[in-house]
1. Over the Cα atoms of the stretch 3-86, Rg to Rh with Kirkwood Rh, two decimal places?
2. Positive end of the dipole of the chain, charges at C-beta (+1 Lys, Arg; -1 Asp, Glu), about the Cα centre: which of L56, L125, I25 has its Cα farthest in that direction?
3. Where q = 0.08, 0.17, 0.21 Å⁻¹, what log10 of I(q)/I(0) comes from the Debye formula for the chain, counting one point per Cα?
4. For D73 and S94, what does the FRET efficiency come to when R0 = 41 Å and r is the distance between their Cβ atoms, rounded to the nearest 0.05?
5. Taking a cut-off of 19 Å between Cα atoms, list the lysines near K108, but don't count ones fewer than 8 places away on the same chain.
6. Do me a favour and compute the ellipsoid semi-axes for the stretch 95-143 from its Cα gyration tensor, root of five times each eigenvalue, largest one first, whole Å.
7. For K67, give me every one of the lysines with a C-alpha distance below 29 angstrom, ignoring sequence neighbours fewer than eight places off in its own chain.
Amino acid sequence: MSLQEQLMDEMKTAMKAKDLVRLNIIRLIRSEVKNFEIDHGLADDPTVEKLIKKMLNQQLDALEDFKKAGREDLINEAEAEIKVLKSYLPEQVSDQELEKFIQEFVNKSDLKDFGPLMGKITKELAAKADGSRVATMLKKVLAN
């Protein structure tokens with residue numbers, strides 16, 4: 001089942017359960033996907049994951065702002081939305097697994113420069129690790 005089909009099924013379930021947070025997030029995701037498809041054509045699962053990741057980053061930024069402003073009501077709402085968004089993304093690899101993967105990748109690769117390595121590693125990991133985590137870990141591995 002594709003991610004878009006999963007979203008449709010879960011939207012129906014959220015409607016029946018009257019889970020407004022999940023329902024609203026699913027509607028936002030579907031809206032983002034529809035806008036992408038209008039501009040670029042059909043969206044496959046990796047594209048939908050990128051859109052969800054973008055939405056997650058926006059919510060995380062908003063959460064930081066809400067914490068600075070001391071808005072408990074908005075903090076709780078943002079945390080609930082973040083939890084729903086994360087449920088549609090692949091499981092993130094742990095720091096140990098990430099370091100091991102990067103170490104093995106660097107050892108078997110001819111590349112030794114940060115830029116080309118970063119590009120290939122992020123393409124290989126796809127949505128399993130955040131780019132900033134990959135960059136930090138790659139710098140650490142290259143320094144050793």
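1. On the way: Rg = 13.8 Å, Rh = 13.6 Å.
On the Cα set of the stretch 3-86, Rg over Rh gives 1.01.
2. The listed residue farthest towards the positive side: L125.
3. -0.30, -1.02, -1.20
4. 0.80
5. K100, K120, K123, K139, K140
6. 14, 12, 10
7. Correct list for K67: K18, K50, K53, K54, K83, K86, K128.
Quick note: the coordinates plus some simple rules give every number you see, no bench work behind them. Keep in mind that what you see is a predicted model, and the values were worked out from it rather than measured. Because the Cβ atoms are built from the backbone with ideal geometry, glycine has one as well, and the counts that use them run over all protein chains shown.
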